[in-house]
Amino acid sequence: MVVAAGWMRGEFLRVEVFMRDMSCESCSESLGSALKRLRGVENATVDFKAGTVALELAPANRVGLDQVWDAIKRVGFTPGETKIVVRGTVRGKKIEVPEIGKAFEIEGSAAEGEGVQLKGTTTPPPDPRTPVRIRVAE
């Protein structure tokens, strides 16, 4: 008899992006609609006055930060600091997020292991080839 080891899904649970250039209210409504179309987004809340969009993501989603940032750019905004809640496997100074097939560098301390949930911030890198770093909130 073979027993498969269980694994915990790794995924982004919540993403909140700040934008300095959110100056068009009807464009912000378009942003919410565009983000809701991403498969795995349960809810997208745009706060025009604060210049933010907050995403609540479905269990077992495959939404990555690149997808969110790209959708924001397509509507005409510039994504900035991004608050995240992510779950994955922490090994050393990286968190692996298997649902999207990526690993992210971690700045700060985090417990090692599977199913670790981190809260932190990151920003879109100027060059897409630059690794995304997550600064862990203490």
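The values are calculated or read from the model by the stated rules, or taken from the named source; none is laboratory data. None of the values given here were measured: they were computed from a predicted structure. Because the Cβ atoms are built from the backbone with ideal geometry, glycine has one as well, and the counts that use them run over all protein chains shown.
Between a first residue in region 96-111 that is at positive phi and touching a residue at least 12 places away in the same chain (Cβ under 8 Å) and a second residue that is surrounded by 18 or more Cβ atoms within 10 Å (Cβ to Cβ) and assigned to a strand (DSSP E or B), which pairs have beta carbons less than 8 Å apart while being 6 or more apart in sequence or on different chains?
GLY108/GLY120
Of all residues being small (Gly, Ala, Ser) and in a strand (DSSP E or B) in region 56-102, which is surrounded by the fewest Cβ atoms within 10 Å (Cβ to Cβ)? Just the residue, please.
Within region 56-102, the match that is surrounded by the fewest Cβ atoms within 10 Å (Cβ to Cβ) is GLY80.
Out of the residues in region 112-138 that are among the β-branched types (Val, Ile, Thr) and in contact (Cβ under 8 Å) with a residue 40 or more places away in the chain, which is surrounded by the most Cβ atoms within 10 Å (Cβ to Cβ)?
Within region 112-138, the match that is surrounded by the most Cβ atoms within 10 Å (Cβ to Cβ) is ILE134.
Just checking, which of VAL46, VAL116 is more than 13 Å from the chain's Cα centre (by Cα), more than 18 Å from GLY10 (Cα to Cα) and part of a strand (DSSP E or B)? Let's see the steps before the verdict.
Details: VAL116 fails: more than 18 Å from GLY10 (Cα to Cα).
Just a single option satisfies the conditions, and that option is VAL46.
Can you pull out the residues in region 1-18 that are modelled with pLDDT under 90 and within 25 Å of GLY120 (Cβ to Cβ)?
Within region 1-18, the first condition is being modelled with pLDDT under 90, and the residues that meet it are 1-10.
Correct list: TRP7, MET8, ARG9, GLY10.
Could you please give the count of residues in region 119-138 that are in a strand (DSSP E or B) and under 13 Å from ALA103 (Cα atoms)?
Residues of region 119-138 that are in a strand (DSSP E or B), as a first pass: 119-122, 133-136.
Then keep just the ones that are under 13 Å from ALA103 (Cα atoms); that gives 133-134.
Residues that pass the stated criteria total 2.
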